[in-house]
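Q: I am attaching a structure below and will ask some questions about it afterwards.
The values are calculated or read from the model by the stated rules, or taken from the named source; none is laboratory data. As the structure is a prediction and not an experimental result, all values here were calculated from the model. As a convention, Cβ positions derive from the backbone with ideal geometry for all residues, glycine included, and neighbour counts pool all protein chains shown.
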Amino acid sequence: MKENVGRPILDENDRLARDNAQKLAAAGLTGVNVLASPGAGKTSLILRMLEYLKSFGLAGAVIEGNAAPSIDSERVRSQGFPAVQVNTGGGCHLDAAMVSHALLELGVGHAVRGPGAVFIENIGNLICPAGHRLGEKITLVVASVPEGDDKPVKYPAAFTIADLVALNKVDLLESVEFNPDAFATGLRTVNESCKVFEVSCRTDQGIDSLADWLVRTIRI
Ligand SMILES: Nc1nc2c(ncn2[C@@H]2O[C@H](COP(=O)(O)OP(=O)(O)OP(=O)(O)O)[C@@H](O)[C@H]2O)c(=O)[nH]1
Ligand SMILES: [Mg+2]
Ligand SMILES: [Zn+2]
C-alpha cells in the first residue's frame, strides 16, 4: 500500500521530465543531472566542464538548484555562462516542473542552443534527488575524497543510476584516509557499468579525460 501513495505524482513528474528531455534534444542540448553531497564540488566541476565545452565551440548553461540564495548561479554567470537559479524554498530535491520553468527562463531553443549541454546542479543530497527524473540524458554523481570511500554502498540510490561518477578532490588523497580500491569495489557492487574518473578541480587532474567523455557523448 505504502509504495502506491506517491505513484501519481511520480508519473506526472516522469511525463514532465520526458517533455524537458524533448525540448533539450530539439535544441541540440544534452541535459546533465549533477548529484552529490553538499560541498562535494558540483559547481566547481560544472565550471570546469563549461570552460572545456566552450573551447570546443560547444554551448553550456546551468540550472542551479539551491535550497537558499543564488551564490552558485552568480558564480557561474560571473564566469560568463548563462545560469538560472531555482530556489526550492528549503526543499531537498529538484523536480521536473521546476526544471521546465527553468528551461523557459534560460531561453532553451532561443537564447541557449546546442550543440552543447545544460547542467542541472541538484540539491546537495544523495537520497531523494535520485528518485526524480528531470529530463537529463546523463546522470553525473560527484563524490569527493573527504567524504570517505564508503559512499557508494551507503547511498546506493544515487550511485546506482549514475552514468558517470567523478571522484573529486583527489589532491587530498595524501591528507585524508581514503582507500580508492575500496571506493571502486563498493561502486561496482551497486553499478557495474558507469564511467569513473578521478579528478581534482584544484589541480585539474583528470578534468580533460572527464570532459573528453562528455564531449563525445554530447556529439553522439
Ligand atoms: N581541495 C579541493 N577542493 C575542492 C575541489 N573541488 C572543489 N573544492 C572546494 O570544495 C568547496 C565546495 O565546492 P563547490 O564547488 O562549491 O561544491 P558544491 O558541491 O557545489 O557545494 P554546494 O552547492 O554548497 O552543495 C569549495 O571550497 C571548493 O573550492 C578539489 O578538487 N580539491
Ligand atoms: Mg554548488
Ligand atoms: Zn527531497
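Q: Somewhere in the stretch 89-96, is a residue part of a helix (DSSP H, G or I) and modelled with pLDDT of 95 or more? Talk me through it step by step, then tell me what you get.
A: Taking the stretch 89-96 and keeping what is part of a helix (DSSP H, G or I), we get 96.
Keeping just the survivors that are modelled with pLDDT of 95 or more gives 96.
Yes; the residues of the stretch 89-96 include at least one that is part of a helix (DSSP H, G or I) and modelled with pLDDT of 95 or more.
Q: Mind telling me which of the residues 93, 101 ends up being within 19 Å of residue 14 (Cα to Cα), within 16 Å of ligand 1 (Cβ to nearest atom) and surrounded by fewer than 20 Cβ atoms within 10 Å (Cβ to Cβ)?
A: Numbers: 101 fails: within 16 Å of ligand 1 (Cβ to nearest atom).
So the residue among 93, 101 that is within 19 Å of residue 14 (Cα to Cα), within 16 Å of ligand 1 (Cβ to nearest atom) and surrounded by fewer than 20 Cβ atoms within 10 Å (Cβ to Cβ) is 93.
Q: If you don't mind, another one. Out of (1) over 14 Å from residue 93 (Cβ atoms); (2) within 16 Å of ligand 3 (Cβ to nearest atom), the odd one out for residue 157 is which?
A: (1)
Q: For the stretch 120-133, does any single residue satisfy the condition of being of a type outside the set (A, V, I, L, M), within 13 Å of ligand 1 (Cβ to nearest atom) and more than 18 Å from residue 158 (Cα to Cα)? Quick ask: steps written out before the conclusion?
A: Taking the stretch 120-133 and keeping what is of a type outside the set (A, V, I, L, M), we get 121-122, 124-125, 128-129, 131-133.
Now restrict to residues that are within 13 Å of ligand 1 (Cβ to nearest atom): 121-122, 124-125, 129.
Cutting the leftovers down to more than 18 Å from residue 158 (Cα to Cα) gives us none.
So far as the stretch 120-133 goes, no, none of its residues is of a type outside the set (A, V, I, L, M), within 13 Å of ligand 1 (Cβ to nearest atom) and more than 18 Å from residue 158 (Cα to Cα).
Q: Right, here's the next one. When the residues of the stretch 55-78 are narrowed to those that are of a type in the set (D, E, K, R) and closer than 17 Å to residue 201 by Cα, which ends up farthest from ligand 2 (Cβ to nearest atom)?
A: So the first thing to find is which residues in the stretch 55-78 are of a type in the set (D, E, K, R), and the list is 64, 72, 74-75, 77.
Right, trim to closer than 17 Å to residue 201 by Cα and you get 72, 75.
On the way: 72: 4, 75: 8 Å.
Applying the filter and picking the extreme gives 75.
Q: Scanning the stretch 46-67 for residues that are more than 16 Å from ligand 3 (Cβ to nearest atom) and assigned to a loop (DSSP other than H, G, I, E, B), which turns out surrounded by the fewest Cβ atoms within 10 Å (Cβ to Cβ)? Spell out the reasoning first.
A: Of the stretch 46-67, the ones more than 16 Å from ligand 3 (Cβ to nearest atom) are 46-64.
With the extra rule that they be assigned to a loop (DSSP other than H, G, I, E, B), the set shrinks to 56-58.
On the way: 56: 15, 57: 8, 58: 21.
That would be 57.
Q: Going by what's in this entry, would residue 119 be described as aromatic (Phe, Trp, Tyr) and either assigned to a loop (DSSP other than H, G, I, E, B) or away from ligand 2 (no atom under 16 Å from the Cβ) (or both)? Don't jump to the end; show me each part of the working.
A: Values: aromatic (Phe, Trp, Tyr): yes; either assigned to a loop (DSSP other than H, G, I, E, B) or away from ligand 2 (no atom under 16 Å from the Cβ) (or both): no.
For residue 119, the condition - aromatic (Phe, Trp, Tyr) and either assigned to a loop (DSSP other than H, G, I, E, B) or away from ligand 2 (no atom under 16 Å from the Cβ) (or both) - is not met.
Q: If you don't mind, there's one more thing I want to ask. Identify, from the list 144, 73, the residue that is in contact with a Gly (Cβ under 8 Å, 6 or more places away or on another chain) and either within 12 Å of ligand 1 (Cβ to nearest atom) or of a type in the set (A, V, I, L, M, F, W, C) (or both).
A: On the way: 73 fails: in contact with a Gly (Cβ under 8 Å, 6 or more places away or on another chain).
Exactly one of 144, 73 is in contact with a Gly (Cβ under 8 Å, 6 or more places away or on another chain) and either within 12 Å of ligand 1 (Cβ to nearest atom) or of a type in the set (A, V, I, L, M, F, W, C) (or both), namely 144.
Q: Shifting gears a bit: Filter the stretch 129-145 for residues that are buried (at least 16 other Cβ atoms within 10 Å of the Cβ) and either assigned to a helix (DSSP H, G or I) or within 16 Å of ligand 2 (Cβ to nearest atom) (or both) and give the result.
A: Initial filter on the stretch 129-145 (buried (at least 16 other Cβ atoms within 10 Å of the Cβ)): 129-130, 132-145.
The answer is 129, 130, 140, 141, 142, 143, 144, 145.
Q: Here is a follow-up. Taking interchain pairs and intrachain pairs at least six residues apart, which have beta carbon atoms under 6 angstrom, with the first residue in the stretch 68-89 and within 13 Å of residue 123 (Cβ to Cβ) and more than 16 Å from ligand 3 (Cβ to nearest atom) and the second among the hydroxyl-bearing types (Ser, Thr, Tyr) and not in a strand (DSSP E or B)?
A: If the second residue must be among the hydroxyl-bearing types (Ser, Thr, Tyr) and not in a strand (DSSP E or B), the pairs left are 72/43; 85/70; 85/73.
Q: Of the residues 88, 185, which single one is farther than 28 Å from residue 20 by Cα, out of contact with any Asp or Glu (no Cβ under 8 Å at 6 or more places or on another chain) and hydroxyl-bearing (Ser, Thr, Tyr)?
A: Within the list 88, 185, the selection yields 185.
Q: Inspect all residues belonging to the stretch 108-118 and state whether any of them is over 17 Å from residue 26 (Cβ atoms) and either free of Cβ contacts under 8 Å to residues at least 12 places away in the same chain or under 15 Å from the mean Cα position of the chain (by Cα) (or both). Step through it out loud before you land on a result.
A: In the first step, residues of the stretch 108-118 are kept if they are over 17 Å from residue 26 (Cβ atoms); the result is none.
Checked the stretch 108-118: no residue is over 17 Å from residue 26 (Cβ atoms) and either free of Cβ contacts under 8 Å to residues at least 12 places away in the same chain or under 15 Å from the mean Cα position of the chain (by Cα) (or both).
Q: Further question: Take the residues in the stretch 113-128 that are crowded, with 21+ Cβ neighbours inside 10 Å and either among the acidic types (Asp, Glu) or away from ligand 3 (no atom under 16 Å from the Cβ) (or both), then tell me which one is nearest to residue 95 (Cα to Cα).
A: 121
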